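Heads up: the structure comes next, in structure tokens.
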Amino acid sequence: MTPRGGTQKTSFNVNGTPHDLDLDTRTTLLDALREHLHLTGTKKGCDHGQCGACTVLIGGRRIVSCLTLAVMHEGDDITTIEGLGRPDALHPMQAAFVERDGFQCGYCTSGQICSAIGMLREARAGWPSHVTEDVAAPTIDLTDEELRERMSGNLCRCAAYPNIIAAIRDASGGDGA
Amino acid sequence: MIGKPLNRIDGPLKVTGRAVYTSEEWGVGQPLYGVMVEATIGRGRITRLDTSRAEAAPGVRGVITHRNAPRQQPPDPSASTYSRALPVLTGPEIHYFAEPIALVVATTFEQARAAARLVEVAYDVIEGRYDLAARADQTFSPKDIRGWWPTDSIIGDFDAELGKAPHQIDVTYTVPYELSLPMEPHCCLAVWKRDAVTVYTSTQIVSEARARIAATFGLSLDNVRVVARFIGGGFGSKLAVHAETMLAVIAARQLRQPVKVVATRQQVFHLAGHRPASIQRMRLGAAPDGRLIAFGHDTTQKACPTSDYIEQIGVTGRALYAAPFRRTTHRAVELDLPPAEDVRAPGEAPGLLAIECGMDELAYALDMDPVDLRLTNEPATHPESGLPFSDRHLVECLREGAKQFGWDRRPQRPATLREGRWLTGYGMAAAIRPHFQAASSAEVQLHPDGTATVRADMTDIGTGSYTILAQVASEALGIPVERVRVELGDSAFPAGAGSGGSWGATNSCSALSRACDALRDQVLAAVPDADRSAPGGLVELVAKHFPAGASATGSIPDMDKEPSFAAYSLASYGAHFVELQVDADTGEIRLRRMLGVFDAGRIFNAKTARSQLIGGMIWGVSNALFEEGSIDTRTGAFMNRDFAQYLMPVHADIPAIEAVILDGFDTRANVLGGKGIGELGICGSGAAVANAVYNATGIRVRDFPITLEKLLPHLPSQ
Amino acid sequence: MKAFTYERATDLRAAVAAAAAPGAKFISGGTNLLDLMKLEIEQPTHLVDISRLPLQRIEAVGEGLRIGAQADNATVAADDRVRARYPLLSQALLAGASAQLRNMASIGGNLLQRTRCTYFYDPSTPCNKRTPGAGCSALGGLNRSHAILGASPSCIATHPSDMAVALVALDARLELLGASGTTREIALRDFHLLPETTPHIETVLLPGEMITAVVLPPPPSGRHRYRKVRDRASYEFALVSVAAILSVTGSKIEGARIAFGGVAHKPWRSLEAEAVLHGRPATLDTYQAAADAALAQAVGRGHNDFKIELARRALVATLVELGGAS
Ligand SMILES: Cc1cc2nc3c(=O)[nH]c(=O)nc-3n(C[C@H](O)[C@H](O)[C@H](O)COP(=O)(O)OP(=O)(O)OC[C@H]3O[C@@H](n4cnc5c(N)ncnc54)[C@H](O)[C@@H]3O)c2cc1C
Ligand code: SF4
Ligand code: FES
Ligand code: FES
């Protein structure tokens, strides 16, 4: 017997805009964004959760959109890079990336920026990381070492790493996330 | 304006997700999706190919195999490597693992991906040759190296003089297969309109892609348009377009609809080329004061029957150090693996791993400061050709770097600086990268409203082309940089050599500079004498006398037509300094800081240049510590073909890294005085890391990458 | 990816009933299942999405803690009670994957993630775990990441979870809900299986059975440390990891919990090492003896030979860090 899959209706908000989609159940959130909503700012670097290029924010938390199905996001509030700022009205994190040259080819950049915004939120909530000396300490000191560990889910083949960390450090004072 | 650390002018588009990369072009309408099917054997022949289940699958619009693929032209070996025809699906023979054998095209990506797995294939397997180490004695001697360098260069009685040298080093290094793996996988969106095709493809060189497509399908160049406005990295692997592009073009024509083909990350490992693995023997002979008497670098690398590519691994050493007796050679071993291609800094990246580690070994053998050893062997002229250097500041790079890094604080004896569980070490290496030039052109228009448009088929693969071209035009035309609009990556624009070989910036900027000069001449010639010295300059003259604006094209020739390339040895230089730590218990290596000092003539944008150099330095770190394409020698497959298994550094691996660029202007390089930087950062940086590992542990690993199991047996007992 | 139908479960009993049907599978975070479905290594025909079931709570039970199977890895790692009383678990979670993946991954899914054996991931190669009886490509192949303990000639794959290593050291128990609605509890130590001749059977879970919670008994006294050894500094599976809890009074070891990751088909609790440590003086000699005991049965397969020495050194170093060495 050949399995019958087919499509399923699903609705979620992307950057504040509601979308009703009727999608092949196999469609990942990433492909729904790129191929159905034509929001191509979110990138596909590996399609297997191994690079972070597809990072988006769901309810403010960062996830990789390639390893989740679109149909699993009924009712969710999704923020992609397009929802953070526009070329003439950059989000402070985006502006810091431009100023610090935190990218070269730009293909990992949307993921880095979304990830950085999600990361700062986690840090503000006092979440520890792998390099936090004492995971039980109530507050964390967001050193460069902490930033690097927390951003390690975002590969950059152009290796803009030092500039990305500089950008995040600049923006971490008063990010508008 | 030229040289200023301007922010990238395309930055706002990139950081907001508005930059449209190749396969993301939605203006052409809804494409069909093509998914490639790959051979699952390393060598042999397809005996059965059944596409009926795939064809019957939901949404499938076509399955293309060697049985229904159109006739394509064979490659013409006299054409340049990357512009030669690349026929695909030519027959049942399989030459290497994962060679594409079909394209399944469907309405949606999900349908195409599922149907691709329904193509049924049986093979006759032929035993292939997959193991370089096992066949290292079965070499052949290439006829030349890329039609440019001699295979061997032997000066004097090397063996005899080496044998007599008071200090000798004879060591063999191995460098594994390395892959470029740009973040954007190779992809193509092909759109036919009658007899002409527009190909959105992720490529570093638009003109070569266009020529390859035209040659493969017997089309005239006029009927092929290639567009690549934003490219998600290339690093050599997009100098050429590959099967993804050929298959998209074929499918779009057969199905009369745009077709998009995006390689999966796994497919990229066999689809695009790799740096051939190599075995490199370094033999150095020196006097007690460190002066080199004999310099020997014998290299053996993987080659394959489907390509004549040979990496210039042994060429690097020909220009670096003085030594009266010299020997640099290239040998190759034919294996049944996919063709190798350029990976960032071909030649230098692997070559300097061996050379600069070999020099470090010599320094310790001589009990000499490794920096001093390099200074001692700085040549006055090119060590082999005797040509004068156009402009060489390697010595300054070494001195300045040692000073800024605090090199004098290094542990002089290996394995002597321990901080808790960490063994700390310092290492350094020199960098050299030849400078090239290739024919390129650019067009500039100055509009009556005082804005300008620059057009070239040049690409920006993250290198900053958009920005530096705007800077050049701004300076040459005397207008603010915001008034310059730069349009790149389209074969409709004047052709050039694209991004590759670190020549993109100097080629395209020099051509643009000439275009601006021509525009100025043309305007001045056309206006009355009295107007020539108008205070508003060119802008005012154009506004007044050229209601439709003025435009001009400028170009530069290939380097064999530039006298300075025959009269001088042209290269960029640098020096790397590294401090790192090795866990005394486990052998884990963690970088602490790194500094590179570089000399590349004039810099066009201090900010983007620094980024390029730092990126290159991190590539070197990655080559030293992480990267290795692992072949299963039973099947000829790269087995670690994803980002979880083929390791490259993550944020946590990369501490503070600084790149310092010396002020310069090489008058012999080009009108702008600049030289290549795109690959300079990687040259030697891996060796500096390896040398620091030795300094930290006293363990010399000669088999890259330096992973912890190679240190473990020699670490101090607990 | 093969086509499948999808339902979002709103009710526990209905979910287990639905998942008991042939071809059906639960999906939680999806980070392992979708990874494998894209390669058609997993081919479910029906997915039961349990990510929104009310199994997210982390609650005190007596002196212990009960963690709902749908709690995500990041939230558990950041939970104040976990950080204060089970730092081993926080550390292990934080050493795994990336922040994005930890935000998605569930506790239940983490335990059930499958091996990262490169041949398992490549459908063009023989693999007993994918296709029973096909043969094991890792034997005689690239096996740097493979098992040194408890492997069999059928399969030398490792279990890749970091979290599970900490949990097994903490004597965690699992609450399971069966397809027919019956519940049972099982020690995590007995949950994963060794490959033997059936490497495709990885746990004792029955068709349709769901992990509903992980129950932690009160933490043993002592200092905690999860030490993960890998090539790069982050975002990589363990070559070898050590979960250790050591309680030292004066210079005598009062109690120890030792488990290894990256060395076997299951998170590897080493009762042998614990027995050696117990009651002995906290010295380097004792730690070495414990490492000897832990790795007495270890066998390398070529590329992974180094793991034996690595595991022993990682254990000794971790014990020195926790207990000092006189
Ligand atoms: C790039 C990458 C790197 C990673 N690195 C690490 C690492 O370093 N360390 C580490 O430990 N892990 C690592 N992981 C693995 C990650 O932790 C797991 O993928 C994740 O924990 C799985 O959880 P999930 O909820 O997404 O599971 P899913 O993918 O949803 O499910 C996995 C399996 O569990 C079943 N299942 C899920 N929940 C239940 C339940 N409650 N009851 C019964 N069955 C259930 C599903 O049917 C499926 O078979 C990595 C993953 C990726 C992609
Ligand atoms: S080790 Fe196990 S998972 Fe890997 S190939 Fe062998 S049988 Fe398959
Ligand atoms: S594309 Fe999702 S992590 Fe790489
Ligand atoms: S900017 Fe190119 S991959 Fe990060």
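Structure notes:
- Scanning the stretch B:252-264 for residues being in contact with a Phe, Trp or Tyr (Cβ under 9 Å, 6 or more places away or on another chain) and buried (at least 21 other Cβ atoms within 10 Å of the Cβ) gives a total of 5.
- Considering (1) small (Gly, Ala, Ser); (2) away from ligand 3 (no atom under 16 Å from the Cβ); (3) out of contact with any strand residue (DSSP E or B) (no Cβ under 8 Å at 6 or more places or on another chain), the lone condition that C:ALA97 does not fulfil carries the number (2).
- For the stretch B:443-466, the condition of being surrounded by fewer than 24 Cβ atoms within 10 Å (Cβ to Cβ) and under 29 Å from B:HIS393 (Cβ atoms) holds for none of the residues.
- B:GLU627 vs. criteria part of a loop (DSSP other than H, G, I, E, B) and touching a strand residue (DSSP E or B) at 6+ places or on another chain (Cβ under 7 Å): yes
- Test: residue in the stretch B:698-705 that is surrounded by 24 or more Cβ atoms within 10 Å (Cβ to Cβ), among the charged types (D, E, K, R) and in contact (Cβ under 8 Å) with a residue 40 or more places away in the chain: no
- Residue list for the stretch A:44-68, restricted to those being more than 7 Å from ligand 3 (Cβ to nearest atom) and either more than 28 Å from C:PHE237 (Cα to Cα) or more than 7 Å from every other protein chain (Cβ to nearest Cβ) (or both): A:VAL56, A:LEU57, A:ILE58, A:GLY59, A:GLY60
- Candidates A:LEU33, A:LEU39, A:LEU23, filtered to the one that is part of a strand (DSSP E or B) and touching a residue at least 12 places away in the same chain (Cβ under 8 Å): A:LEU23
- Residues of the stretch B:503-548 that turn out to be open to solvent by less than 20 Å² (accessible area, probe 1.4 Å) and touching a residue at least 24 places away in the same chain (Cβ under 8 Å), as a count: 15
- Residues that are part of a helix (DSSP H, G or I) and touching a strand residue (DSSP E or B) at 6+ places or on another chain (Cβ under 7 Å), drawn from the stretch B:202-231: B:VAL206, B:ALA209, B:ARG210, B:ILE213, B:ALA214, B:ASN223
- Set B:ALA136, B:ALA122, B:ALA165, B:ALA114: member being open to solvent by less than 40 Å² (accessible area, probe 1.4 Å), within 30 Å of A:THR28 (Cα to Cα) and among the small types (Gly, Ala, Ser): B:ALA114
- Failed item in (1) farther than 21 Å from B:ARG283 by Cα; (2) modelled with pLDDT of 95 or more; (3) part of a loop (DSSP other than H, G, I, E, B); (4) more than 13 Å from chain C (Cβ to nearest Cβ), with B:GLY147 passing the rest: (2)
- Screening B:ALA136 on (1) under 23 Å from the mean Cα position of the chain (by Cα); (2) at pLDDT 95 or above; (3) closer than 23 Å to B:SER307 by Cα shows it passes everything except condition (1).
- Members of the stretch C:100-121 found to be open to solvent by 10 Å² or more (accessible area, probe 1.4 Å), in contact with a helix residue (DSSP H, G or I) (Cβ under 8 Å, 6 or more places away or on another chain) and closer than 25 Å to A:PRO128 by Cβ, listed by number: C:LEU101, C:ARG102, C:ASN103, C:MET104, C:ALA105, C:GLY109, C:ASN110
- Of all residues in the stretch B:646-659, none are at pLDDT 95 or above, away from ligand 4 (no atom under 16 Å from the Cβ) and among the aromatic types (Phe, Trp, Tyr).
- Screening C:TYR119, C:TYR86 for residues that are in contact (Cβ under 8 Å) with a residue 24 or more places away in the chain and aromatic (Phe, Trp, Tyr) leaves exactly one candidate, C:TYR86.
- If you filter the stretch B:633-646 down to residues that are more than 8 Å from chain A (Cβ to nearest Cβ) and either part of a helix (DSSP H, G or I) or touching a residue at least 24 places away in the same chain (Cβ under 8 Å) (or both), you find that the one that is nearest to the chain's Cα centre (by Cα) is B:TYR646.
- Candidate set from the stretch A:114-127 (those that are open to solvent by less than 10 Å² (accessible area, probe 1.4 Å) and at the interface with chain C (Cβ under 8 Å from one of its Cβ atoms)); member that is farthest from C:THR31 (Cα to Cα): A:GLY126
- Residue count for the stretch A:103-158, restricted to those that are over 23 Å from C:MET163 (Cα atoms), hydrophobic (A, V, I, L, M, F, W, C) and touching a residue at least 40 places away in the same chain (Cβ under 8 Å): 10
Residues are listed down the side, and each one gets a yes or a no for (1) within 16 Å of ligand 2 (Cβ to nearest atom); (2) open to solvent by 40 Å² or more (accessible area, probe 1.4 Å); (3) in contact with a Leu (Cβ under 9 Å, 6 or more places away or on another chain); (4) over 25 Å from C:GLY108 (Cβ atoms):
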site	(1), (2), (3), (4)
C:LEU188	no, no, yes, no
C:PRO219	no, no, yes, no
C:HIS224	no, no, yes, no
C:SER251	no, yes, no, yes
C:GLY261	no, no, no, no
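- Looking only at the stretch B:288-302, and only at residues there that are under 15 Å from B:LYS164 (Cβ atoms) and out of contact with any strand residue (DSSP E or B) (no Cβ under 6 Å at 6 or more places or on another chain), the one that is most open to solvent (accessible area, probe 1.4 Å): B:ARG291
- Checking each residue in the stretch B:354-377 for being open to solvent by 50 Å² or more (accessible area, probe 1.4 Å) and either of a type in the set (Asp, Glu) or under 30 Å from B:GLN301 (Cα atoms) (or both) picks out B:TYR364, B:ALA365, B:ASP367, B:ASP372.
- Residues that are within 10 Å of chain A (Cβ to nearest Cβ) and more than 21 Å from B:ALA114 (Cβ to Cβ) within the stretch C:32-51 comprise just one, C:SER51.
- Some residue of the stretch A:93-107 being buried (at least 19 other Cβ atoms within 10 Å of the Cβ) and within 14 Å of chain C (Cβ to nearest Cβ): no
- Residues that are out of contact with any Phe, Trp or Tyr (no Cβ under 7 Å at 6 or more places or on another chain) and crowded, with 24+ Cβ neighbours inside 10 Å, drawn from the stretch C:122-134: C:ASN128
- Highlighted here are the helices (runs of 4 or more DSSP H) found entirely within the stretch A:69-166 that include at least 1 residues which are touching an Asp or Glu at 6+ places or on another chain (Cβ under 6 Å) and more than 16 Å from ligand 3 (Cβ to nearest atom): A:92-100, A:109-124.
- Residue match in the stretch C:81-97 (condition: more than 30 Å from B:VAL119 (Cβ to Cβ), within 16 Å of ligand 2 (Cβ to nearest atom), of a type in the set (A, V, I, L, M, F, W, C) and crowded, with 23+ Cβ neighbours inside 10 Å): no
The values are calculated or read from the model by the stated rules, or taken from the named source; none is laboratory data. As the structure is a computational prediction, the values presented were derived from the model and not from experiment. Ideal geometry is used to build each Cβ from the backbone, glycine not excepted, and the neighbour counts take in all protein chains shown. Just so you know, the surface numbers come from the protein's heavy atoms only, side chains and all, with ligands and any DNA or RNA stripped out. Shrake-Rupley method; radii C 1.70, N 1.55, O 1.52, S 1.80 Å.
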